[in-house]
Amino acid sequence: MKLQTFLVAAIFSSSALFSADDVKVIMGFEPEDAQTAVHDWCRGNYLNGFKNGRFVEEHVTQGKYALKVVPKITEAQNWKLIENYSKGKYNLELTGQTPIGGWHDVQDWFYQRYGNLFDDALNNRMCKSRDWSGYEVLRFDVFSTAAPFIMGTKLLDYGQGPRTSAAPQGLRSNLIKFKIPAGSQMTCEIPLAEVARICELDLSKMQGFVMRYNGYEGDTDLFVDNVRLVKKDAMASDAKFPIITPIDPISPFARKVVYFEPPKIDEAKMNRTEGKVAKIEPMTIYEGKGVYANSNGHFGGSGVTYKQNSVRGVVAYDDNR
């Protein structure tokens, strides 16, 4: 009798260690998840996925549906184009062509513009911010059928900076890459707390995540399900499948430094103002050509590739001196 009482107490106390909040599903690829997409176009596009085979009842780890990833659901359309870009064989006839040179990375642009698998940040771009604070990792379950799959991910916060009609202008993480082996159910793990610390994201005001192609190792189908936030104490009990960690160490979001020679100016002909220098606050330099060029889902695919962090920018002024 004493042993039975002890076992009941032990079971009760262990279940009390974890609340429903310890593991929080943020995308299960179910029909009801479309309601998180406030923008009508995003909601309609999401629901159409159940008609065109984007969401299927295969390799499901939570709920009824999983996301099925094949090139035809992206603007890339086919594996050959993805293979060519991964080898540096660029098709310069694609629309929205990246400028060549400078800090632009053609492969990075291509994967973001043409290889978006699922853009949770786009779906939530006009929603209220989401509180991911207190969670240690972001996990999602994956299954690749025939070949390893190279996936790139990015996280975006809501930010405190200026907004356009397209989206809030917050901070974004650097690219986080995974190599998913073929033939086994696995779980990718993003060290959320570490990413927030290194990339300076505000986990209490998050916009969402982006998944994309990021390389080629063979034609394959990929299934993704159960995107969730996990607190530190629940990480062990939540790990139902082998964990895949990022290929590279987490690093800050940055761009290639490009130097241009300063313009040659005849200083003798410059009009200068004498007196006290006016106080000028730090500013962000933005060179977008209107809303469309800056809009999510157009130039630079969901805007993640080409938008800079709003609290990071080049400041240059001399107060007309």
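Rule-based calculations on the coordinates, nothing more; no lab input. Here the structure is a predicted model, which means the values were calculated and not measured. Glycine also receives a Cβ, built like all others from the backbone with ideal geometry; neighbour counts cover every protein chain displayed.
The residue 179 and residue 237 beta-carbon pair, evaluated with R₀ = 22 Å, returns a calculated FRET efficiency of approximately 0.25. Annotation for residue 58 and residue 43: the two label points, set 7 Å from Cα along the Cα-Cβ direction, are 3.0 nm apart.
Placing a pseudo-label 7 Å from each Cα along the Cα-to-Cβ vector at residue 270 and residue 51 gives an inter-label distance of 6.2 nm.
Just rank 253, 50, 149, fewest to most, by other beta-carbon atoms within 10 angstrom.
Fewest to most other Cβ atoms nearby, the residues stand as 50, 253, 149.
This model, with +1 at the C-beta of Lys and Arg and -1 at the C-beta of Asp and Glu, gives segment 103-250 a dipole about its Cα centre of some 420 debye. Note on 122, 192: ascending count of other Cβ atoms within 10 Å places them as 192, 122, the fewest first. Remark: the residue 84-residue 30 segment gains 16.1 nm on full extension, using 0.36 nm per residue and subtracting the alpha carbon distance.
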